[in-house]
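Below is one structure, written out as structure tokens; comments come after it.
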Amino acid sequence: MSQTFRLDDLMQMAREEGRIVAEDAARRLGVTVQTIRRDLLTLAERGKLTRVHGGAVLPSGTANIGYDDRRALNAAEKAAIAEACAAAVPENAAIFMNIGTTMEAVAQRLLGHKNLVVVTNNINVANILVANPGCEIVVAGGQLRRADGGLVGPLANRIVEQFKFDLAVIGCSAIDGDGDLLDFDMMEVGVSQAAIRRARKTVLVADHSKFARTAPARIAGLGDIAAFFTDQPLAAPLAERCREWGTEVVVSGRR
């Protein structure tokens, strides 16, 4: 296999899985680990990937990856997270849902819930929930972010502040090793923070790839969250801190 084809395959792996493990990629592509390491160095020099111990991850820092790429990233894991989260959402409740592809998966699994009031700044979530006749939908107006259907800014904040939610379901772009929940857009962060303030209980939905990324703006910490729905166990130090904070960690439906 030529390097050009290998580089394309490696980038596809990164988009689908969030990271590349050199030994695994070598086995899948039928080449040596040394060859994969050289390929990863080439991609890193081009700004396509960031090298980490044992492999590489998609670069992040001040800009998010494309929304279509995010939809394809860890789709099965997001589905499992969404199923577990939706099972914990009560009927006859007022809930908030923010922006993200995992949030869309949660919305799909709320189509059978009854007597919900859902406030969202996510046009995609609103369009999904239209199919649930037992759900009243309130769209928090604001500045439309065409890339992902998000509504952000002061107007969205003011609308969210008018409610008292039984539950806020939030996502984020990255999770720091100390448990900080991070995002790229300060205006989006403002909406999520408003929802957390106005909620009796807040839960987080995020897959394992969020631990391999970073972003500049802090939403909150895992200590501010009642439950974290994810797909892989946390690193031992962070898992211990969650126990100290009283934050429940639900791994792919297992309690």
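Computed values, structure above
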read-out: 5 Å binning of all Cα-Cα separations within the range 169-231, expressed as whole percents from 0 upward; value: 4, 21, 33, 27, 13, 2
read-out: Surface share of carbon and sulfur [accessible, 1.4 angstrom probe, percent] for the range 169-245; value: 49 percent
read-out: Candidates T120, T50, T214, ranked by Gaussian network fluctuation over the chain, Cα under 10 Å, top entry; value: T50
read-out: Relative contact order %, the chain, counting alpha carbon pairs below 8 Å whose residues are six or more apart; value: 16 percent
read-out: Share of carbon and sulfur in the accessible heavy-atom surface of the range 72-130 [1.4 Å probe, %]; value: 53 percent
read-out: For the chain: accessible area per residue (Å², 1.4 Å); value: 45 Å²
read-out: Assigned charges on the beta-carbon of Lys, Arg, Asp, Glu; the chain dipole about Cα centre (debye); value: 80 debye
read-out: Zero-based 5 Å bins, Cα pair distances in the range 138-255, whole percents; value: 2, 12, 21, 24, 19, 13, 7, 2, 0
read-out: Highest-MSF residue in the chain out of C242, C85, C172 [GNM, Cα springs under 10 Å]; value: C242
read-out: In Å, descending, principal axis extents of the Cα set of the chain; value: 56, 40, 32
read-out: Cα gyration tensor shape for the range 103-167, rounded if a/c is under 1.5, else prolate or oblate; value: oblate
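The values are calculated or read from the model by the stated rules, or taken from the named source; none is laboratory data. Because the structure is a prediction, the values reported are computed rather than measured. No Cβ is skipped: glycine too gets one built from the backbone with ideal geometry, and neighbour counts run over all protein chains shown. When the accessible area is computed, the model is the full protein with side chains, heavy atoms only, and any ligands, DNA or RNA have been set aside. Shrake-Rupley method; radii C 1.70, N 1.55, O 1.52, S 1.80 Å.
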